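Report on the structure given below.
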């Protein structure tokens, strides 16, 4: 059973919408990297039962993203914030080398700090 | 029945997770501003049925936000982007008045455009 890297990401977003049992199983598999047999032992169900539970949870996460698209939107924002960070650092560097204007230092630092905060 | 302004906002986020019928009813009420009686006529159900359907849909939207918190997160990002926009405009203004450095113009414009794009 191939691991879908996208699933880990969606799990962070939509995991809270799964049942507690589903979340337990899929987190063992994706976050803790347990094998199907290990999860089966922990949960007291069959290996096939684990496989089915993971498949169902994966389908639900993908369906939620298909409907809501919030993970995609979040990724776009993260990409934009990286670009903003880069530009604010270029401004700071230029100002510190050639201009020495406190206004520029202050405003570019404000941008840098805000973008960093939102990136977390 | 008091309208909860928060609901319109959550509807944009999580509306796609409601059933089609639920979405129809709650959108009539919140987006199109129809009365309960008008919606009842459109849907061929009782006024009380409409009221119950809206209450259930509201509860589901609030529950999703309670679990996922993505609307709150999105609002934070929007607030941060406004701050970034303001700072980038202050840099542009200062540069155009006193410094005239193409690098600053370019990088601050890049920040402004990115923040505007992400705010939409």
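The values are calculated or read from the model by the stated rules, or taken from the named source; none is laboratory data. Here the structure is a predicted model, which means the values were calculated and not measured. No Cβ is skipped: glycine too gets one built from the backbone with ideal geometry, and neighbour counts run over all protein chains shown.
Just to verify a result, which residue in the stretch B:1-30, among those that are outside any helix (DSSP H, G or I), closer than 22 Å to residue A:68 by Cα and touching a helix residue (DSSP H, G or I) at 6+ places or on another chain (Cβ under 7 Å), is modelled with the lowest pLDDT?
If we take residues in the stretch B:1-30 being outside any helix (DSSP H, G or I), closer than 22 Å to residue A:68 by Cα and touching a helix residue (DSSP H, G or I) at 6+ places or on another chain (Cβ under 7 Å), then B:4 is modelled with the lowest pLDDT.
Using the structure shown, decide if residue A:40 is farther than 26 Å from residue B:73 by Cα and buried (at least 16 other Cβ atoms within 10 Å of the Cβ).
yes
Please verify whether residue B:45 is away from every other protein chain (no Cβ under 12 Å) and touching a residue at least 40 places away in the same chain (Cβ under 8 Å), treating the condition exactly as stated.
Spelling it out, it is not the case that residue B:45 is away from every other protein chain (no Cβ under 12 Å) and touching a residue at least 40 places away in the same chain (Cβ under 8 Å).
Given the structure, is residue A:54 surrounded by 20 or more Cβ atoms within 10 Å (Cβ to Cβ) and more than 18 Å from the chain's Cα centre (by Cα)?
Spelling it out, residue A:54 is indeed surrounded by 20 or more Cβ atoms within 10 Å (Cβ to Cβ) and more than 18 Å from the chain's Cα centre (by Cα).
Can you tell me how many residues in the stretch B:49-78 are touching a residue at least 12 places away in the same chain (Cβ under 8 Å), farther than 15 Å from residue B:15 by Cα and more than 14 Å from chain A (Cβ to nearest Cβ)?
2
Do the conditions hold for residue B:69, that is, is it at positive phi and surrounded by fewer than 17 Cβ atoms within 10 Å (Cβ to Cβ)? Give the steps one after another, and end with the answer.
Working: at positive phi: yes; surrounded by fewer than 17 Cβ atoms within 10 Å (Cβ to Cβ): yes.
Against the criterion (at positive phi and surrounded by fewer than 17 Cβ atoms within 10 Å (Cβ to Cβ)), residue B:69 qualifies.
Could you list, in sequence order, the residues of the stretch B:88-113 that are within 9 Å of another protein chain (Cβ to nearest Cβ) and either touching a residue at least 24 places away in the same chain (Cβ under 8 Å) or in contact with a strand residue (DSSP E or B) (Cβ under 8 Å, 6 or more places away or on another chain) (or both)?
The answer is B:88, B:111.
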